[in-house]
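Contents: one structure, followed by commentary.
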Amino acid sequence: MPKTAHDWMPLEAYERLREELRVLTSAPEETPGEDGGALETVPAPRYIDDPAVRQARVHKIERLLREAVVGRSTADDGVAEPGKVLTIRYDGEGESETFLLGVRDASVSNRLTVYSPESPLGATLVGARQGERRTFASPHGATIGVTLVRAAPYGSQARD
């Protein structure tokens with residue numbers, strides 16, 4: 001499958017996924033038991049004991065890493081696209097919400113929420129310009145209105 005902008009993730013998320021893959025594909029460490037005798041298996045952090053679940057996660061991470069478009073700069077043009085931090089406001093709400101539009105499984109260290117461009121909200125906003133209002137259907141069938149307040153390249157929000 002060719003790489004698309006929809007596969008965008010920041011470098012820190014790519015590196016986190018590589019480390020998770022390393023942990024999942026390595027054997028758990030064995031350490032001496034409390035009495036100094038028999039060895040006990042101590043899973044590494046994020047190690048998954050169930051082989052089927054672990055293998056499914058390994059395959060998912062391998063696919064994400066293979067298809068990833070890593071940290072490529074996006075234009076600071078106010079258009080919503082993967083690799084941008086979007087600030088939105090739902091109709092009738094005074095508060096805004098800010099999130100990164102990118103690969104959903106590629107969370108970032110600053111705890112910024114990540115929405116996929118394939119999610120109902122993400123798909124609705126892709127291509128929107130700042131100030132533009134769009135609507136989408138919630139999973140429960142309600143029509144939700146949302147306005148794009150701001151679209152900034154990932155990383156630039158720290159300089160604002």
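What follows draws every value from the coordinates through simple rules; no lab data is involved. Quick caveat, the model's predicted, so the values are computed rather than measured. Neighbour counts are summed over all protein chains in view; Cβ atoms, including those assigned to glycine, are modelled from backbone coordinates with ideal geometry.
Could you compute the net charge surrounding GLY78? Neighbours are other residues with a C-beta less than 12 Å from the C-beta of GLY78; K and R count +1, D and E count -1. After counting each charged neighbour, the total is -1.
Note on ALA137 and ASP91: the extension gain reaches 15.2 nm, defined as 0.36 nm multiplied by sequence separation minus the Cα-Cα distance. Here the peptides 68-75, 19-26, 84-91 are ranked by packing, the mean other Cβ count within 10 Å, and the order with the highest first is 84-91, 68-75, 19-26.
The length gained by stretching the chain between ARG66 and ALA123 to full extension, at 0.36 nm per residue less their Cα-Cα distance, is 18.3 nm.
Using a Förster distance of 22 angstrom, determine the FRET efficiency expected from the C-beta separation of ASP49 and THR25, and round it to 0.05. After rounding, the FRET efficiency stands at 0.95.
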